[in-house]
Amino acid sequence: MSKITYIDEVAIKNKTVLLRVDYNISLNKDLTIADDARIKQSLPTINYLLEKNNRLILISHLDRPKEKDQRFSLKPVVKHLQNLLPNFKVYLVDDFLAEKNQKIFQEQTTKEILVLENIRFYPEEKKGDEEFAKKLASLGDVFVNDAFAVCHRTDASVVAISKFLPSYGGLLLKKEITTISKTIKNPKKPVVAIIGGAKISTKLPLLYRLIELADYLLIGGGLANTFFCAQDLEIGQSFCEYEQISAARKLLFHAAQKKTAVVLPSDVIVSNSTNTRNGGLAKKIDEIPKGAVILDIGPQTQAQFGSIITKAKTIIWNGPVGYFENPAFRNGTDFIYYSITQNNNATTIVGGGDTLAAISKKEYIDKITHISTGGGAMLEFIEKGTLPGIEALKK
Ligand code: ADP
Ligand code: MG
């Protein structure tokens, strides 16, 4: 069976290594870094390769620029990386294809780390263009992918590049793949999945997979509203994907056949708008006023979800269960977080861009077994058991 070789299973020494990382971090308005977690998580692989006398060329994207656009430059990232690696000189290469820059590559020493400017400045990247990947590959001797969070993409620097170079997985990739695989292949029961967020449409395949995997599927957030509609409950002015109501009904039917308990909120917090400064009111789910907006799970639901989480041996969580951007509606999400961290008997996996934003800088974060760096990538990996960027590394 073909498998990935990770960098700690081969001797990569004195080479020029093209390292795909995920520095798609959020920037503040003044273009400083809001959260450097993704940069820090790449350091074990970077240090490992540097210790073996390799020259590193880092490849990353930032956000979704359509073309060259300085608002999406990796400059702030390079500056930060320089602070984290004071014994090396970190340079940004503004255009790796430019004739004037070729000398930089030819003369790179082991004391210099080169970072290529936002790889999505080249439209070929998103197209997975092979000619472009070949040009990228020509810069190095070896390709290492440590960017789990983009492995669900078929971009040139994720998939096509590995056709042209010996290719390996980095240490972060190894941690993501081994932890999540182990948890979904042979989970200790009971398995509890908690899914929140806004749209059911983006999470349907995942929900079907979780019905197979989990004993309990707890549903909160805007996602739950579509299920309420599927049960002909009044949801007032709340967010709902009306065109997904029949999909929600089918899913509930499927879960019943598989004997997976789908637990929907029995009470919720309602308000008249998302941006109110005041908290909302707790309402039973069959007593939602016509003008109301559902913005969080209610206290009774917290207790019910909490008692299921307490008994779990495996927990998978993605998606805030309320409109957490407004502090008035983040109690449910906080409650889920603390319930998970208080369960010392469970293997816990948490992922998702907004989910991580909701729990970042909280106490007890080390109680969570694995916080995935992948949002979409983690969900697709749970669903399919592999990803395009992972398959590309298999030999
Ligand atoms: P993640 O990025 O962790 O995968 P999602 O993107 O699926 O999570 O969902 C997060 C979004 O869901 C947040 O913007 C949050 O405000 C929204 N959300 C959660 N509950 C509700 C709700 N009751 N009504 C509207 N939006 C909600
Ligand atoms: Mg999101």
Any residue at all in the range 327-340 that is within 12 Å of ligand 1 (Cβ to nearest atom) and closer than 30 Å to D155 by Cα?
no
Candidates E212, E176, filtered to the one that is at pLDDT 95 or above and touching a helix residue (DSSP H, G or I) at 6+ places or on another chain (Cβ under 8 Å)
E176
What do you reckon, is I161 modelled with pLDDT of 95 or more, part of a helix (DSSP H, G or I), in contact with a strand residue (DSSP E or B) (Cβ under 7 Å, 6 or more places away or on another chain) and away from ligand 1 (no atom under 16 Å from the Cβ)?
yes
Read through the list (1) aliphatic (A, V, I, L, M); (2) within 16 Å of ligand 2 (Cβ to nearest atom); (3) farther than 28 Å from P299 by Cβ, then give the number of the only condition that I184 fails.
(2)
Counting only helices (runs of 4 or more DSSP H) wholly inside the range 43-124, the ones holding at least 2 residues that are assigned by TED's automatic domain parsing to the domain that holds I33 and hydroxyl-bearing (S, T, Y) are 43-51
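The values are calculated or read from the model by the stated rules, or taken from the named source; none is laboratory data. Note that the coordinates shown come from a computational prediction; the quantities given were computed from them, not determined experimentally. Methodologically, a virtual Cβ is constructed for each residue, glycine included, from the backbone with ideal geometry; neighbour enumeration extends over all protein chains shown.
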